[in-house]
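Accompanying notes for the structure given below.
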């Protein structure tokens, strides 16, 4: 009679153990969603009410309770907001801005560092629409800053890097370039296109 | 002659399941690596809106979470309006100051100024409650906030 081969270890229960552990982790953990739009709130004491601001330097964005958007007293869709904000910021009405490529309309902003976007919402506005509006406004600033970064980056030795990439590289520990020069460049672009986004309540 | 007679009954051999635990272990390692132990149970509906100008939260800096949204199923006794949830219980805007102070007390001195408050607000919540949260945060000087969103097309939030 032929000798039976030595019986194998029954591996059927390995799968059961693995399934138990898997179900445990599926139930007790979540995939973290840790991305978002960073904002800085203004500090409480705001005593600079006596600064005279020309009306043309303010870009009013109003959201009403029915999630309708009123930009500079005209109804607008959220998808057109980015272009309108870029047009406002990049205008360079009084000619003092040599990096603006806008139309230089005298009725719009004079210079990006004087241009203020004022966002007002009501209590019934839904948060999703508010985030869309914030997203489009931040995108407008980033679009202009990216363009500027690609213009002056190569002269300082940072080729093919737009503003968002510069910030990411600055925070990245594996970046091999000169971080002090990169920080100066980032700060210069931030001064040229400052994010003056005021949310009055 | 024994070489030519068929001994088998003609059955198809059973599928070898020896590699099944390997597949399951791979799935398990994936989940162990990618996920984070859930800290708080959410008593509110929390579908985050989408945006594309997003940045990842810096893990090295301390983060506090404030959740807001309508109470989910099973908690309707807390009402149908959007509520704030801090840690694991419902709260009012006035509790935010105490919450921030207790978060600051539990972290190191030099990191306090890096505290970012992540607002995880349901996309159908009203701005009234978000405005109250922001006002309370300004009062305690917690000015770095982050509107938590997913990555996607921001225009799809308008519906």
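The values are calculated or read from the model by the stated rules, or taken from the named source; none is laboratory data. Being a predicted model, the structure only gives us computed values, none of them experimental. Using ideal geometry, Cβ is built from the backbone for each residue, glycine included, and neighbour counts are taken over all protein chains shown.
Quick notes on this one:
- Failed item, numbered, when residue A:24 is tested on (1) at pLDDT 85 or above; (2) away from chain B (no Cβ under 14 Å): (2)
- Number of the condition not met by residue B:112 [criteria: (1) out of contact with any helix residue (DSSP H, G or I) (no Cβ under 9 Å at 6 or more places or on another chain); (2) in a helix (DSSP H, G or I); (3) within 22 Å of residue A:34 (Cα to Cα)]: (1)
- Listed by first and then second residue, the pairs linking a residue in region B:137-159 that is more than 7 Å from chain A (Cβ to nearest Cβ) to a residue that is outside any strand (DSSP E or B) and surrounded by fewer than 22 Cβ atoms within 10 Å (Cβ to Cβ), with Cβ atoms under 6 Å apart and 6 or more places separating them unless they lie on different chains, are B:140/B:97; B:140/B:100; B:142/B:100.
- Matching residues in region B:37-73 - criterion: being in a loop (DSSP other than H, G, I, E, B), in contact with a strand residue (DSSP E or B) (Cβ under 7 Å, 6 or more places away or on another chain), within 11 Å of chain A (Cβ to nearest Cβ) and surrounded by 14 or more Cβ atoms within 10 Å (Cβ to Cβ): B:42, B:46, B:48, B:52, B:53, B:54, B:57
- Residue list for region A:143-176, filter: in a loop (DSSP other than H, G, I, E, B) and either surrounded by fewer than 13 Cβ atoms within 10 Å (Cβ to Cβ) or modelled with pLDDT of 85 or more (or both): A:157, A:159, A:160, A:172, A:173, A:174, A:176
- Looking at A:75, A:103, just one residue is in a strand (DSSP E or B) and more than 10 Å from every other protein chain (Cβ to nearest Cβ), and that residue is A:75.
- Out of A:5, A:11, one residue alone is at the interface with chain B (Cβ under 10 Å from one of its Cβ atoms), more than 21 Å from the chain's Cα centre (by Cα), at pLDDT below 80 and more than 30 Å from residue A:130 (Cα to Cα). It is A:11.
- Positions within region B:17-36 being assigned to a loop (DSSP other than H, G, I, E, B) and at the interface with another protein chain (Cβ under 8 Å from one of its Cβ atoms), in sequence order: B:17, B:18, B:35
- Selection of region A:29-64 for residues being exposed (fewer than 11 other Cβ atoms within 10 Å of the Cβ) and either modelled with pLDDT of 85 or more or touching a helix residue (DSSP H, G or I) at 6+ places or on another chain (Cβ under 9 Å) (or both) yields A:31, A:40, A:43.
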